[in-house]
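Peer 1: Below: one structure in structure tokens.
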Amino acid sequence: MLSIGEFSKICEVSTKTLRYYAEIGLILPDEINPENGYRYYSISQLKKMLFINRLKSYHFSLEEIKAILEREEDPSEELLCADLCRKRREMQEKLNAIEHTLKLMSLDISNLEKGVPLMSYLDSIEVELVETPSIRILSMRQMIRGDDYALGYGTYFGSLYEQIATEKLTLLGTPMTIYHSSEYKPDGNDTEFAIPIEETVEGTRDLFGGLCAKSVLKGSYSELTSVYAALMEWVEREGYELENSPYEVYITDPKRATGSEDFVTEVYFPVKRRRG
């Protein structure tokens, strides 16, 4: 048996952390002295602790690690491999985002050194007034957390495409997202995922056309907030006001683009002339 201090030293985990792990049921002492409360760990628990450390180094949360450890009924290597593959994808997405941010920072630094204002890129965002036709959309409406949009796109658009394939419906356009919330809420926003189709079936509705302020983003979705700001500024300056929920149309399939710089997204603000 090893004392909590000895176990801590070997595994390079503080005794405070070990006590917390025991509190949440991640790894319990093999024995606790009833007289003095001293905690002891068995030699066999070293492997489990090192496994926990390994998963932590791969950025698994404690909740995720606990779920993996509790999967005693099916501790297959196949499931663990799936967990690792999922986490690798998540980390790669974060890495791509960081690399994109670094690229933007380098560009901003270069422009600042040349005397170009940091936010001058907003002036290059073009906005035009267009008349859009009414279209029939197959859609589903969900409350989506701010940090769950990427997952939501895959899940809900995937479900819509599955229905289209199953019912042999006719596609008339690319996927779109309609944002119905009047303000941004990190805990959930009223979001409608939609795909234009020809037929009228369960789950379809008409998206009415009309005047829209339109802008096109060529690049990462992270730049959409800048497009929204430019559109709102244009709407105010030109004497219009929002008449309906804004929406985005994804011209480029992210899975087929070589990089985020190839993404093409159209942003529409349904508008009407402001009275007075």
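Peer 1: Can you flag which of 9/103; 16/94; 94/168; 87/214; 16/103; 56/114 are past 32 Å Cα-Cα?
Peer 2: 9/103; 94/168; 87/214; 16/103; 56/114
Peer 1: How many angstrom lie between the C-alpha centres of the stretch 201-231 and the stretch 31-54?
Peer 2: Cα centroid of the stretch 201-231 versus Cα centroid of the stretch 31-54: 56 Å apart.
Peer 1: Can I ask one more? Please compute the Kirkwood hydrodynamic radius over the stretch 121-276, one decimal place, Å, based on all pairs of different Cα atoms.
Peer 2: Taking every pair of different Cα atoms in the stretch 121-276, averaging 1/r and inverting gives 16.4 Å.
Peer 1: Also, quick follow-up: Suppose every K and R has +1 on its Cβ and every D and E has -1 on its Cβ; what is the size of the dipole of the stretch 164-236 about the Cα centre, in Debye to the nearest 20?
Peer 2: 260
Peer 1: Can you tell which of 58, 132, 104 lies farthest toward the positive end of the dipole of the stretch 36-173, using +1 and -1 charges on the Cβ of basic and acidic side chains (Lys, Arg; Asp, Glu)?
Peer 2: 58
Peer 1: With θ set to phi - 60°, apply the Karplus curve 6.51 cos²θ - 1.76 cosθ + 1.60 along the stretch 208-219 and write out the HN-Hα couplings as whole Hz, x wherever there is a Gly or Pro.
Peer 2: Taking θ as phi minus 60°, the curve returns 6, x, x, 5, 9, 7, 10, 9, 10, 9, 10, x Hz for the stretch 208-219.
Peer 1: Can you compute the FRET efficiency between residue 134 and residue 93 using 1/(1 + (r/R0)^6), with r the Cβ-Cβ distance and R0 = 45 Å? Round to the nearest 0.05.
Peer 2: 0.80
Peer 1: Please give the FRET efficiency for residue 222 paired with residue 243, using the beta carbon to beta carbon distance and R0 = 22 Å, rounded to the nearest 0.05.
Peer 2: The pair residue 222/residue 243 has a calculated efficiency of 0.20.
Peer 1: Using only the Cα atoms of the stretch 37-152, build the gyration tensor, take square roots of its eigenvalues as a ≥ b ≥ c, and label the shape rounded, prolate or oblate: rounded if a/c is under 1.5, else prolate if a/b is larger than b/c, else oblate.
Peer 2: Oblate is the answer for the stretch 37-152, as a/c is 1.5 or above yet b/c matches or exceeds a/b.
Peer 1: Could you give the nm distance between label points at residue 232 and residue 36, where each point is 7 Å from its Cα heading toward the beta carbon?
Peer 2: The modelled label-to-label distance comes out at 6.4 nm.
Peer 1: Moving on to the next point. So if a site counts as exposed when it's one of the trypsin sites (Lys or Arg not before Pro), its DSSP state isn't H, G, I, E or B, and it has at most 15 other Cβ atoms within 10 Å, what's the longest stretch of the chain without one?
Peer 2: It runs 169-254.
Peer 1: Of 115, 15, 209, which is farthest towards the positive pole of the chain's charge dipole, taken about the Cα centre with +1 and -1 on the beta-carbons of Lys, Arg and Asp, Glu respectively?
Peer 2: It is 15, whose Cα lies furthest towards the positive end.
Peer 1: Nothing charged except the Cβ atoms of Lys and Arg (+1) and of Asp and Glu (-1): what's the magnitude of the dipole of the chain about its Cα centre? Round to the nearest 20 debye.
Peer 2: My answer is approximately 500 debye.
Peer 1: Another question, then. How far is it, in nm, from the label point at residue 162 to the one at residue 3 when both lie 7 Å from their Cα along the line to the Cβ?
Peer 2: Going by the 7 Å Cα→Cβ label model, 5.6 nm.
Peer 1: Place a point 7 Å from Cα of residue 171 in the direction of its Cβ. Which residues in the stretch 187-208 have their backbone N less than 16 Å from it?
Peer 2: 194-199
Peer 1: Starting from the Cα of residue 185, step 7 Å along the direction of its Cβ; do the same at residue 143; then give the gap between the two resulting points in nm.
Peer 2: It works out to 0.6 nm between the two label points.
Peer 1: Would you kindly derive the ³J(HN,Hα) couplings of the stretch 111-116 from the backbone phi angles with the Karplus curve 6.51 cos²θ - 1.76 cosθ + 1.60 (θ = phi - 60°), listing them in order in whole Hz, with x for Gly and Pro?
Peer 2: With the stated coefficients, the stretch 111-116 comes to 5, 4, 5, 8, x, 8 Hz.
Peer 1: Quick check on the chain: what are the equivalent-ellipsoid semi-axes from the Cα gyration tensor, as sqrt(5λ), descending, whole Å?
Peer 2: Taking √(5λ) for each eigenvalue gives 50, 25, 17 Å, largest first.
A short reminder: the numbers here are calculations on the coordinates, not readings from a lab. Keep in mind that this is a model prediction, so the values were computed, not measured. Neighbour counts are summed over all protein chains in view; Cβ atoms, including those assigned to glycine, are modelled from backbone coordinates with ideal geometry.
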